[in-house]
1. So is K75 over 27 Å from K105 (Cβ atoms), of a type in the set (D, E, K, R) and in a helix (DSSP H, G or I) or not?
2. Report those strands (runs of 3 or more DSSP E) wholly inside the stretch 78-177 carrying at least 2 residues which are modelled with pLDDT of 90 or more and either in contact with a helix residue (DSSP H, G or I) (Cβ under 8 Å, 6 or more places away or on another chain) or in the same structural domain as A11 (by TED's automatic domain parsing) (or both).
3. Give the stretch 13-30 a look and list any residue that's of a type in the set (G, A, S) and surrounded by 14 or more Cβ atoms within 10 Å (Cβ to Cβ), or say none.
4. Does L37 satisfy the condition of being hydrophobic (A, V, I, L, M, F, W, C), under 19 Å from K88 (Cβ atoms) and surrounded by 13 or more Cβ atoms within 10 Å (Cβ to Cβ)?
5. Hey, among the residues in the stretch 47-73 that are charged (D, E, K, R) and either in contact with a strand residue (DSSP E or B) (Cβ under 7 Å, 6 or more places away or on another chain) or surrounded by 17 or more Cβ atoms within 10 Å (Cβ to Cβ) (or both), which one's nearest to K28 (Cα to Cα)?
6. Return yes or no: is T109 touching a strand residue (DSSP E or B) at 6+ places or on another chain (Cβ under 6 Å), at negative phi and surrounded by fewer than 18 Cβ atoms within 10 Å (Cβ to Cβ)?
7. Tell me the residue from L24, L48 that is touching a helix residue (DSSP H, G or I) at 6+ places or on another chain (Cβ under 9 Å), among the hydrophobic types (A, V, I, L, M, F, W, C) and touching a residue at least 60 places away in the same chain (Cβ under 8 Å), please.
8. Among the numbered conditions (1) surrounded by fewer than 14 Cβ atoms within 10 Å (Cβ to Cβ); (2) closer than 30 Å to K170 by Cα, tell me where I153 comes up short.
Amino acid sequence: MLDAIIAERYARAVFELADEKGRLEQVKNDMDLLIDLATTSKDFKQLLVSPVIRPDKKMGVLDALLGGKVDEITKRFYHLLAGKRREKHLVGIARAFIAKYKEHKSIVTIEIRTVEPLTEGLRNKIIGIIEKRRGVTVDLIEITDPKLIGGFIVSTGDLRYDSSLLASIKKLKKEFEQNLYVREF
């Protein structure tokens with residue numbers, strides 16, 4: 001809970017500063033980079049959370065890794081975090097920043113799971129329908145899941161629509177287990 005509060009406060013501060021300075025897109029790209037680094041590199045993630053490594057050493061590594069790749073706002077931000085010994089929250093803050101960015105730009109993330117990858121035409125049709133009905137920009141995440149057998153699952157936020165063949169089979173199986181038909185002779 002405390003981690004979420006810390007992430008939200010720092011993300012809001014960085015977001016407002018980047019927006020005020022007109023460098024929102026650059027800082028958003030930097031936050032994407034930090035999230036990508038943390039998800040693809042265990043060493044990077046361990047570096048941030050390690051209580052053994054001093055914060056100044058961590059910032060030296062971050063400066064070497066991110067050198068001229070990040071905006072000055074982002075660089076000052078992670079140095080500020082190190083000074084306050086909160087560098088372990090960097091990835092959580094980056095995720096909270098991305099959520100604020102998407103809210104600000106009216107971008108909705110929608111995840112769709114299918115057995116096979118969507119064709120370009122179907123992908124565009126799905127995005128078009130959702131954008132038209134909800135008046136937002138869609139960030140579509142496609143996941144291929146052969147276990148579904150057929151159909152699809154669409155998720156956004158807390159909403160989930162499961163139209164997969166696997167779900168239908170499970171539903172039928174449950175109905176058969178609760179067989180209400182009793183033979184009377």
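1. Details: over 27 Å from K105 (Cβ atoms): no; of a type in the set (D, E, K, R): yes; in a helix (DSSP H, G or I): yes.
Criteria not met by K75.
2. Details: elements: 107-114, 137-144, 152-156, 159-162.
Result: 107-114, 137-144.
3. Initial filter on the stretch 13-30 (of a type in the set (G, A, S)): 13, 18, 22.
A13, A18, listed by residue number.
4. Details: hydrophobic (A, V, I, L, M, F, W, C): yes; under 19 Å from K88 (Cβ atoms): yes; surrounded by 13 or more Cβ atoms within 10 Å (Cβ to Cβ): yes.
Answer is yes for this residue.
5. If we filter the stretch 47-73 for residues that are charged (D, E, K, R), which is where we start, we get 54, 56-58, 63, 69, 71-72.
Checking the rest, the ones that are also either in contact with a strand residue (DSSP E or B) (Cβ under 7 Å, 6 or more places away or on another chain) or surrounded by 17 or more Cβ atoms within 10 Å (Cβ to Cβ) (or both) come to 58, 71.
Working: K58: 22, D71: 10 Å.
Going through the qualifying residues, I end up with D71.
6. On the way: touching a strand residue (DSSP E or B) at 6+ places or on another chain (Cβ under 6 Å): yes; at negative phi: yes; surrounded by fewer than 18 Cβ atoms within 10 Å (Cβ to Cβ): yes.
Spelling it out, T109 is indeed touching a strand residue (DSSP E or B) at 6+ places or on another chain (Cβ under 6 Å), at negative phi and surrounded by fewer than 18 Cβ atoms within 10 Å (Cβ to Cβ).
7. Working: L48 fails: touching a residue at least 60 places away in the same chain (Cβ under 8 Å).
Result: L24 is the single residue among L24, L48 that is touching a helix residue (DSSP H, G or I) at 6+ places or on another chain (Cβ under 9 Å), among the hydrophobic types (A, V, I, L, M, F, W, C) and touching a residue at least 60 places away in the same chain (Cβ under 8 Å).
8. (1)
The values are calculated or read from the model by the stated rules, or taken from the named source; none is laboratory data. It should be emphasised that the depicted structure is a prediction, and the values quoted were computed from it without experimental measurement. Methodologically, a virtual Cβ is constructed for each residue, glycine included, from the backbone with ideal geometry; neighbour enumeration extends over all protein chains shown.
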